[in-house]
Amino acid sequence: MERASVQKKAAAVEALTERFKEAKTAVLFDYKGLTVDKFTELRNQLREEGSEVNVIKNNISKRAAIAAGFEELADSFVGPIALILGFEDVVSPAKVIADFAKDNKTAEIQGGVIEGKVVGKEGILAIASLPSRETLLTQLAAGLLMPVREVAIGLNMLAEQQEAN
């Protein structure tokens, strides 16, 4: 019986290690004091952004973090810690939890991993302040189209001026 329990835990560590390695962003936060409704609301917001949030035993999380190469993160798994893993976008998990933490003071960001680098609370908040990928692409497209627009306006003005002469 005890051996089966150890094997089950080892399998859980291995699975979480793989999830850590696949994730573009991982965020740890203290969820003490959050109601089930609030936690479910956060889970739904994260799911819409291609992320997931899990509450996993700290011992398993520590071992998985070490196995994934994030030794500095292992010390953060103390008390009621939830783990957000983002697979699609680097910014969105940090942005969702930062916005959620503003409205829910009991949720406190502890730190995380951004594209393979362990960061503290400040690093998560800094990445959360960046615009989303879609916004950045829109800004880039607008910036690239502006010179074309200016040339078109200039050519149109030149054509009108030549017609008038």
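The values are calculated or read from the model by the stated rules, or taken from the named source; none is laboratory data. All values derive from a computational prediction rather than experimental measurement. All Cβ positions, glycine included, derive from the backbone under ideal geometry; neighbour counts span all protein chains shown.
Numbers at a glance
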| read-out | value |
| --- | --- |
| Matching option when the condition is more than 14 Å from the chain's Cα centre (by Cα), over 21 Å from Lys9 (Cα atoms) and outside the structural domain of Lys8 (by TED's automatic domain parsing), among Thr106, Thr135 | Thr135 |
| Given (1) farther than 16 Å from Glu108 by Cβ; (2) surrounded by 15 or more Cβ atoms within 10 Å (Cβ to Cβ); (3) not β-branched (Val, Ile, Thr), index of the condition Phe77 fails | (1) |
| In the stretch 107-130, the residues that are touching a residue at least 40 places away in the same chain (Cβ under 8 Å) and part of a helix (DSSP H, G or I) | Ile124, Ile127 |
| Considering residues of the stretch 115-165 that are among the polar types (S, T, N, Q) and surrounded by 12 or more Cβ atoms within 10 Å (Cβ to Cβ) only, the residue modelled with the lowest pLDDT | Ser132 |
| Residue list for the stretch 78-132, restricted to those being of a type outside the set (Gly, Ala, Ser) and at positive phi | Glu115 |
| Residue that is part of a loop (DSSP other than H, G, I, E, B), aromatic (Phe, Trp, Tyr) and touching a residue at least 40 places away in the same chain (Cβ under 8 Å), where the choices are Phe77, Phe29 | Phe77 |
| Number of the exception - Gly86 against (1) touching a residue at least 60 places away in the same chain (Cβ under 8 Å); (2) more than 30 Å from Leu137 (Cα to Cα) | (2) |
| Hits in the stretch 1-51 - residues which are out of contact with any helix residue (DSSP H, G or I) (no Cβ under 7 Å at 6 or more places or on another chain), of a type in the set (Asp, Glu) and buried (at least 16 other Cβ atoms within 10 Å of the Cβ) | Asp30 |
| Within the stretch 41-95, tally of residues that are farther than 25 Å from Ser5 by Cβ and more than 17 Å from the chain's Cα centre (by Cα) | 5 |
